[in-house]
Structures are given as structure tokens and as C-alpha cells.
Amino acid sequence: MAPALSVTGLRKAYGSVHALRGVDLEIGTGELFGLLGPNGAGKSTLVKIACGLVRPSDGAVEVCGSPAGSPGAQASLGYLAELFRFPDWCTADELLELHQELTGSTGGRSERRELLDLVELGHVPDRRVGAMSKGMQQRLGLAQSLIGSPRLLLLDEPTSALDPAGRHTVRALLERLRERGVSVLLNSHLLSEVELVCDRVAIINGGSVVAAGTPAQLSRPGGVEVETAAGWRTFADARRDDAPRLVRELIAAGEDVYGVRVLTSSLEDAYLEAVGRAPAAPQDEAREAGAPA
């Protein structure tokens, strides 16, 4: 089976401005893929090319084996823009019915009901968009992106208008979609959300991929802390495997040990480093190795 999204040597220039400089990435079936980067990094350009809205200057993009923008690619993807707007007078059910007509979906009423239930709007099919909260409208947008059972979803900041409960609902939805084999390209500034839900991440800066891998791979060891009677002691160069030895040595030296924790950098730290904005060193790591807290 062809990858859900295949990007090879993708370049896009607007005159002298190079939005993308040879991007390569691939999203497999059922994979949740996070796309990160500062404003102007090229993320939106990549998504628009995948949607067929923008032509690349060079390189190739395929959606489920079909060239981006072709009828086969369009039939295989769903899209939710960050700044979407639905008619205020439209009800939730009417909006989904309209998009069924636009996409050629034959799912009818049963598809609309299933999608509204999926985003927890099944109790308000007749509520007008203008009477919905921003969070409800965001979830309705997710429902419309799923019309026609696409194999690939392109989601641009899908949790930006949601409260913590709403973000939890979307995370649960994305996990259910993964179980169904639906792939997702998630463009988001909420690094904590990406870290929680995405299988892999690519960080784009200046039109190039500057880091890629799983959230765990992009993180790195940050030392070991041991709690003693004198407080927390930090061993900045230590790793997880060093923890038992450190505890034994402290006990042999007459110290009482109350706790141990292994420190790692976060996805946010990896992101800031990748885009050239080094994170501030945590207070614990700034201490001299082995010095009392």
C-alpha cells in the first residue's frame, strides 16, 4: 500500500523567497505525524501543496499514491484549515450535507449522524453554527474533514480554540482514527499536544526539515537527581543506568536516600534547539554535578 503522504525534494519559491528548500518526508498508514516550526517556516505552504492549492517549484508530492491535486488525491484526503469559517445560518446537519454534496459522498444521513457523534455533537444536529461556541465549531470542522472516509487528514491547528476537555476529546478522536488506519498530518503550535498524540514529528525551519523522529528520539538525557536529607542533588552527566550506582555510593557515604528521578529534555527543548532558539538551562542542570540542591 502506498504511503498516505509522500514528499520528495519539495521546493517552492515565490520570486526570490524560498518557502521550501528540498523537503522530504513520508507518512505511513494510520500514522499521526506532527509538523512543527515557527511562523514562516514553510508548514502552511507544504500543506497547501498537499491539498493541491499551490503548485510546487520542484519535487513531488503524492497522496495515497496519486499526485497532489489530482482527483485520486482529492478523494483520499480531508482538510481543516486553521482560519475556517462556516455560514452562521447553517445547522450542523446542513453543513455536513453540503460538504457531502461537494465531495460526492453517498454516506447520507447515517454518515452525518456518525460523524457528529464522533466529535460529541450528536445532540445538536439542528443547532446553527452562529449559536455554537468556538470549540463546538472546531469540532464541527473536524467532522466535515472526515466526510467521505478519507485515508489522510491534514489538520491545521485543530485544537487552537478548545479548552482542556475539548483537546482531550480531539486526542481521543485521533487515536480512534489511527485504529481505523486513517493517517493524520497535524500542524500545531501546541507542542504538549503533539508530544502526547503523535507517533513521529518533523521540525521545519527556513523551508528545510531540521529535525525528525519520534518525540522520545528528539528528547535527550538531562541527568539524574537524587533526594537526600540535604535536599535534591543533581548529577548532570549521569544517565538512567547510572542511577543504581549513584544510590549505592550515596548510601555507602552515609547519606539517606528518599527518591530518584531521571531527567530528560522535552519536545519543547528539542524544538527550540532545532530552530536556533536554545532553551534556557533548567535550574537543576545549572548546578554543579553532585552539588547539594
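Mind listing whichever residues of region 193-222 are at negative phi and either part of a loop (DSSP other than H, G, I, E, B) or free of Cβ contacts under 8 Å to residues at least 24 places away in the same chain (or both)? Talk me through it step by step, then tell me what you get.
Initially, region 193-222 is screened for residues at negative phi, giving 193-205, 208-212, 214-222.
Of everything in region 193-222, those that are at negative phi and either part of a loop (DSSP other than H, G, I, E, B) or free of Cβ contacts under 8 Å to residues at least 24 places away in the same chain (or both) turn out to be 198, 199, 214, 216, 217, 219, 220.
Within region 47-64, can you find the residues that are in a helix (DSSP H, G or I), among the hydrophobic types (A, V, I, L, M, F, W, C) and farther than 19 Å from residue 190 by Cα? Explain how you work it out, then say what you get.
Start the filter on region 47-64 by keeping residues that are in a helix (DSSP H, G or I), which leaves 47-51.
Narrowing further to those that are among the hydrophobic types (A, V, I, L, M, F, W, C): 47, 49-51.
Those that are in a helix (DSSP H, G or I), among the hydrophobic types (A, V, I, L, M, F, W, C) and farther than 19 Å from residue 190 by Cα: 49, 50, 51.
Being surrounded by fewer than 17 Cβ atoms within 10 Å (Cβ to Cβ), touching a Ser or Thr at 6+ places or on another chain (Cβ under 9 Å) and closer than 20 Å to residue 77 by Cα narrows it down to one residue among 149, 192; which is it? Full working, then the answer.
On the way: 192 fails: closer than 20 Å to residue 77 by Cα.
Result: 149 is the single residue among 149, 192 that is surrounded by fewer than 17 Cβ atoms within 10 Å (Cβ to Cβ), touching a Ser or Thr at 6+ places or on another chain (Cβ under 9 Å) and closer than 20 Å to residue 77 by Cα.
Six or more apart or on different chains, Cβ under 8 Å: which pairs go from a residue in region 255-273 that's free of Cβ contacts under 8 Å to residues at least 24 places away in the same chain to one that's hydrophobic (A, V, I, L, M, F, W, C) and part of a helix (DSSP H, G or I)? Could you list them?
So the pair list comes out empty.
Select from region 147-169 the residues that are over 16 Å from the mean Cα position of the chain (by Cα) and among the small types (Gly, Ala, Ser) and write down the one among them that is nearest to residue 103 (Cα to Cα).
Ranking the candidates gives 148 first.
To keep it simple, each residue is scored yes or no on (1) modelled with pLDDT of 95 or more; (2) of a type in the set (Gly, Ala, Ser); (3) surrounded by fewer than 20 Cβ atoms within 10 Å (Cβ to Cβ); (4) under 21 Å from residue 102 (Cβ atoms).
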{"residue": "38", "(1), (2), (3), (4)": "no, no, yes, no"}
{"residue": "41", "(1), (2), (3), (4)": "no, yes, no, no"}
{"residue": "44", "(1), (2), (3), (4)": "no, yes, yes, no"}
{"residue": "52", "(1), (2), (3), (4)": "no, yes, yes, yes"}
{"residue": "61", "(1), (2), (3), (4)": "yes, no, no, no"}
{"residue": "66", "(1), (2), (3), (4)": "yes, yes, yes, yes"}
{"residue": "74", "(1), (2), (3), (4)": "no, no, yes, yes"}
{"residue": "81", "(1), (2), (3), (4)": "no, yes, yes, yes"}
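What number goes with the only condition from (1) assigned by TED's automatic domain parsing to the domain that holds residue 261; (2) surrounded by 21 or more Cβ atoms within 10 Å (Cβ to Cβ) that residue 198 does not pass?
Residue 198 satisfies all of (1) assigned by TED's automatic domain parsing to the domain that holds residue 261; (2) surrounded by 21 or more Cβ atoms within 10 Å (Cβ to Cβ) except (1).
Quick check on region 173-210: of everything there that is among the polar types (S, T, N, Q) and modelled with pLDDT under 85, which residue is farthest from the chain's Cα centre (by Cα)? Don't jump to the end; show me each part of the working.
Initial filter on region 173-210 (among the polar types (S, T, N, Q)): 183, 187-188, 192, 205, 208.
Next, from what is left, pick out any that are modelled with pLDDT under 85: 188, 192.
On the way: 188: 6, 192: 9 Å.
By that ranking, first place goes to 192.
Within region 167-176, is even one residue closer than 24 Å to residue 49 by Cβ and not small (Gly, Ala, Ser)?
Yes, some residue in region 167-176 is closer than 24 Å to residue 49 by Cβ and not small (Gly, Ala, Ser).
Has region 232-246 got any residue that is touching a helix residue (DSSP H, G or I) at 6+ places or on another chain (Cβ under 9 Å), in a loop (DSSP other than H, G, I, E, B) and over 30 Å from residue 118 (Cα atoms)?
Yes, that holds for at least one residue.
Matching residues to (1) at positive phi; (2) touching a residue at least 24 places away in the same chain (Cβ under 8 Å); (3) not assigned by TED's automatic domain parsing to the domain that holds residue 174:
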{"position": "68", "(1), (2), (3)": "no, no, no"}
{"position": "74", "(1), (2), (3)": "no, no, no"}
{"position": "111", "(1), (2), (3)": "no, yes, no"}
{"position": "116", "(1), (2), (3)": "no, yes, no"}
{"position": "120", "(1), (2), (3)": "yes, yes, no"}
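Somewhere in region 1-8, is a residue among the polar types (S, T, N, Q) and either part of a strand (DSSP E or B) or not assigned by TED's automatic domain parsing to the domain that holds residue 193 (or both)?
yes
Cβ-Cβ distance below 7 Å, separation of 6 or more or different chains: which pairs start in region 236-251 with a residue that is surrounded by 11 or more Cβ atoms within 10 Å (Cβ to Cβ) and end on one that is of a type in the set (S, T, N, Q)?
250/228
Yes/no matrix, rows are residues, columns are (1) in the same structural domain as residue 269 (by TED's automatic domain parsing); (2) within 23 Å of the chain's Cα centre (by Cα); (3) more than 22 Å from residue 205 (Cα to Cα):
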site	(1), (2), (3)
16	no, no, no
32	no, yes, no
63	no, yes, yes
82	no, yes, no
102	no, no, yes
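Tell me yes or no: at least one residue of region 158-173 is touching a Ser or Thr at 6+ places or on another chain (Cβ under 8 Å), crowded, with 22+ Cβ neighbours inside 10 Å and closer than 14 Å to residue 33 by Cα.
yes
Test residue 98 against the criterion of being in the same structural domain as residue 128 (by TED's automatic domain parsing), in a helix (DSSP H, G or I) and farther than 28 Å from residue 193 by Cα, and give yes or no.
Answer is yes for this residue.
The values are calculated or read from the model by the stated rules, or taken from the named source; none is laboratory data. As the structure is a computational prediction, the values presented were derived from the model and not from experiment. Note: ideal-geometry Cβ built from the backbone for every residue, glycine included; neighbour counts use all protein chains shown.
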